[in-house]
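Asker: Could you have a look at this structure, given as C-alpha cells, before my questions?
The values are calculated or read from the model by the stated rules, or taken from the named source; none is laboratory data. Given the structure is predicted, the values throughout are model-derived calculations rather than measurements. Cβ placement follows ideal geometry from the backbone for every residue including glycine, while neighbour counts extend to all protein chains displayed. All accessible areas refer to the heavy atoms of the entire protein, side chains included, with ligands and DNA or RNA removed. Shrake-Rupley method; radii C 1.70, N 1.55, O 1.52, S 1.80 Å.
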Amino acid sequence: MFNSRQGLGAKPLPFRGGVGVGAINVRSVYGQPPPPTPPLKGRGLSAVAVAAVASLLGFVTFTAPARADSATARQELAISLGLFKQGQATSARSHALKAVTADPGWGLAHAVLARTYLALGEGVAAEGELGRARDAGFDISRAHQLYAHAWLLQGDAKRALAEVDKAQPRYRLYALRVGARALAAQGKLPEAQRLLAKILESTDGADGLAWTDLGRVRQQSSDIAGAIAAADRALSIDRGNVDALVLRGELVRGQYGLIAALPWFETALKVDPWRHDALIQYAATLGDAGRYSAMLRATRRALAARPGSPQALYLQAVLAARAENDDLARSLLQRTNGALVGQPGPLLLGGMLDYRAGAYQQAIDQWRGLLSLQPMNLVARRLLGAALFKSGDPRGALAVLRAIAVRGDADSYVLGLAGQAFEATNERDWAARLLDRAAIPLREVATPFGSDIPLEAAAGALDQRPDDPVLAVNYVRGLIDTGRLGAALGEAQQLVRQAPGAPQAHLLVGDTLMQMQRYRDAAAAYGRAANLRFDEGTMLRTVDAYDRAGDQRRAAIVLALFQAQNPTNVAALRLAAHWQIAAGEWDAAIDGLEGLRARLGNRDATLLAELAYAYAGNDELDAARLYGAAAYRLAPLNPAATDAFGWALYQAGESKAALELMRKAVSIAPGHSGLRWHIAQVEADLGHKDAARADIALVLADPRFPDRATAKALLASF
C-alpha cells in the first residue's frame, strides 16, 4: 500500500484534490443564504428596426449608402444592432465588420463597429474605427462620448473626462457613465459614486448599465454588500447584462468561493460565448479550483476571441509554471509584450521563474515591485526575504522579514530564514531566539499585520481625510500594534457603522477582539466579514476563533464549507489533514497530505511529520518510519518532527529508541501537552510508572488537552 501512495523518491503524482464534504447549511454558520443561482437568459433575437440605431447608439436614422452592396450592409448592421441589444457584443462586432466590408465608405457602419469594440473593452480598435467613420463623412460631433470611452480604455482618464464635457445632451447619460468610470480610475471613488447616483436618479433607477458601473465602483471602495446590491439591480433590469453577470461572478467568488462562482461566468458565456473578459475570469477561477484542462480550453477561446490576449497568455504561463515547464512559462510571459507590466500576478510569477533559475536580483526587483503594490502580502515578503538572503544581503532580508517574523503565528520557514539572517549579521541573541521558535510547533494568537506608518502619522492623515477607509484601517492597525486595544475596538466598531458592507471593517473588529481574548465575539465578527468575503484569511481567522472558543464543531463546519468551494487551497488542506489525524481518519489524512507533498515537495518537515503520524495510525509502519526519519533529518530540533519519528518507532515496537527521541522533543517544548502525552504512553509501556504519572498529571493540567478520558484511564491502571 505504501508504494501506491508514493515513496519519498518516487515521481510526484498529480494533485488529487481535497477531502470531499457533503452539503453544508451555510445559514447554520453565518446566517446567510446559500450562493445565488445566476439568472438564465430566455429571450430570442427579435427583428431590429432602423430606429434601434438611435436607441442603442444615440445616432440619427441612417440613409442607404449609395453603393451596389448597400442592402447587404444594411442587413448586417441591423443584425449587429439586434445582437448588441441582446448583450452579444462579440457577435455584434462580427456582423458590424461584415457591414463595413460590404460598404467601407459607410461612416455609420464604422461608428457602430466602434461601439461594439468599446463594449468589448478594445479602446485602440474603437478609436481607429471612429477615425474611419469621420473620414467616411460621419458627424463626429455625435461621438464625443465614444472617444471618451476609447481613451478611458487606453488608460487616459484625464483626456476622457475632458471629452465627456463635449458630449451632446442626447448622449449625456452615456457620457456621464464614462465620466464616472474615469473618476474611479483616478481614485476618486466618492465622486464617481455621486455621479452615478445622479444618473440613476434621473432615470428612476432604470439604467442597468449605471447600476453595473456603480457595482464596480463600490467593489473598488471595498463596499462589497453595496456592490452585490448594485449588480443584482442591474440584472433585475436586464438578465442578459454580461458585464453585470461577470461582476456578480467575481463577487460570488469572494463571498462564497470558486465553485459557486463558475455558474455565473458560464451564464455570461451563454449570452456571449466569446466575451473575452468573461472567458478570462472563468479561466482564472477554473485554475484556482484545480480544473486545469478546462482552464486551458477557456484560455484558448480567449485567444481566439482576442488574438494575443496578454491575460490569456499569462494564465497559460501560470499553467506551465505549475507543470514545472519554466521555459514555456517564460516564453508565454514574454509574448505579453509588457502589457501586464506592474500587475501583481505577473510580478509574482515572473519573480518565481527568475528565482528558480538562480537570477536572484531579477526576482528581487519583481518582488519589490509586488510588495510596493501590496505591502501586507505575506507571501511576497517571504519570497523577497528568501531572494535577498540567497543573493548575499542578509540585512536586506531582515528589513523585509522582521515585520512577519515577530508575529506570534510566524511559520518555521520565516523564523528559520530570519534567524539565519540575524546569524549572518552577528546578531546572535536574536538569531537564537528565532531559531528556537522555528523549532517549536506552538503558535500564539495570530496578530494582524501591522501598519508601517507610525501611529501619530496615521492619526494626522486620518484627521485630514476622515472619510478615507484606508487611512482609518491604518490608524486602527497602529492602535492594535501599540496595545491600545480599547481604543482600537472603538475605532473599528465606528468603521463598521460607517461602512457595514466592507469586510475589512469587520475583520478589524475581530482582530482586536482576538487580542483581547474574546474569542467567541471575535468569531461572530469574522462571520460577518465572511458573509461578504470568504477568502483564506477570513476562513483561518474564523476557524481559529471558534477553536479557541471551544466550539470545534463550528470551526469544522467553516473549514469544510471553505474547502468545498476551494478544493486546492493549501492552508485548508493542511488544516483538514491535521484535524483528520486528531479524529483518527487516517486514510483521508494520508490522501490529503500525499496530495500536498506531490505539490510542495519533500522539504517540508511539518508535512512529513504529519504523514508519519497518519501512516502510523493506519498501521503502515514502514511508511511511518520513512517519513518520520525524513522529517527528523530535515529539522532535528523541531519537536514535532522529533516526536513523529519517535512515535513511528514506538508503534513499530522500538520503545527504547522512541523514548530517547520523545525526551528530546519534550525538552525542546516542555509545555506541549500532546508531546508529553506521547512520552507518558511510552514510559508506561516500558514500566516507568512514576515518570508516566508525572507526565500524565501535567497533561491533565492543560484544559485544552482533548484526550482526557484515555489519559485518566491509563493513570488509573497503575
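Asker: Starting from residues that are surrounded by fewer than 19 Cβ atoms within 10 Å (Cβ to Cβ) and part of a helix (DSSP H, G or I), keep the ones in region 596-620 and report whichever is modelled with the highest pLDDT.
Answerer: Ala598
Asker: A further question follows. For region 129-170, give me the residue count where each residue is open to solvent by less than 20 Å² (accessible area, probe 1.4 Å) and in contact with a Gly (Cβ under 8 Å, 6 or more places away or on another chain).
Answerer: Result for region 129-170: 7.
Asker: Follow-up. Specify which of the listed residues (Ala78, Ala102) is farther than 19 Å from Trp274 by Cβ and open to solvent by 20 Å² or more (accessible area, probe 1.4 Å).
Answerer: Going through Ala78, Ala102 in turn, just one is farther than 19 Å from Trp274 by Cβ and open to solvent by 20 Å² or more (accessible area, probe 1.4 Å): Ala78.
Asker: Which condition number does Ala126 fail, the rest of (1) farther than 21 Å from Leu83 by Cβ; (2) buried (at least 24 other Cβ atoms within 10 Å of the Cβ) being met?
Answerer: So the condition that Ala126 fails would be (1).
Asker: Next question. Looking at region 297-313, which of the residues that are of a type outside the set (Gly, Ala, Ser) and out of contact with any helix residue (DSSP H, G or I) (no Cβ under 6 Å at 6 or more places or on another chain) is nearest to Gln565 (Cα to Cα)?
Answerer: Step one: list which residues in region 297-313 are of a type outside the set (Gly, Ala, Ser), which gives 297, 299-301, 303, 306-307, 310-311, 313.
Then drop every residue that is not out of contact with any helix residue (DSSP H, G or I) (no Cβ under 6 Å at 6 or more places or on another chain), which leaves 297, 300, 307, 310.
On the way: Arg297: 21, Arg300: 25, Pro307: 32, Pro310: 28 Å.
Looking at the filtered set, the residue picked out is Arg297.
Asker: If you go through region 660-681, how many residues are free of Cβ contacts under 8 Å to residues at least 60 places away in the same chain, part of a helix (DSSP H, G or I) and more than 13 Å from Ala616 (Cβ to Cβ)?
Answerer: 15
Asker: Ok, one more. Name the residue, out of Gly128, Gly155, Gly179, that is assigned to a helix (DSSP H, G or I) and more than 24 Å from Leu77 (Cα to Cα).
Answerer: Selected residue: Gly179, the only one of Gly128, Gly155, Gly179 that is assigned to a helix (DSSP H, G or I) and more than 24 Å from Leu77 (Cα to Cα).
Asker: Hey, any hits in region 510-524 for a residue that's on the phi > 0 side of the Ramachandran plot, modelled with pLDDT of 90 or more and open to solvent by 20 Å² or more (accessible area, probe 1.4 Å)?
Answerer: yes
Asker: Test of understanding: among Gly254, Gly215, Gly226, which residue is in a helix (DSSP H, G or I) and buried (at least 24 other Cβ atoms within 10 Å of the Cβ)?
Answerer: That would be Gly215, the only listed residue that is in a helix (DSSP H, G or I) and buried (at least 24 other Cβ atoms within 10 Å of the Cβ).
Asker: Next question. Here are Ala629, Ala657, Ala583: which of them is farther than 18 Å from Val682 by Cα, free of Cβ contacts under 8 Å to residues at least 24 places away in the same chain, open to solvent by 40 Å² or more (accessible area, probe 1.4 Å) and aliphatic (A, V, I, L, M)?
Answerer: Only one candidate qualifies: Ala583.
Asker: Scan region 673-705 for residues that are under 18 Å from Trp647 (Cα atoms) and open to solvent by 30 Å² or more (accessible area, probe 1.4 Å) and jot them down.
Answerer: Arg676, His678, Gln681, Asp685, Leu686, Gly687, His688, Ala691 - these are the residues of region 673-705 that are under 18 Å from Trp647 (Cα atoms) and open to solvent by 30 Å² or more (accessible area, probe 1.4 Å).
Asker: Output the residues belonging to region 231-249 that are more than 22 Å from the chain's Cα centre (by Cα) and assigned to a helix (DSSP H, G or I).
Answerer: Across region 231-249, the qualifying residues are Asp232, Arg233, Ala234, Leu235, Ser236, Ile237, Val242.
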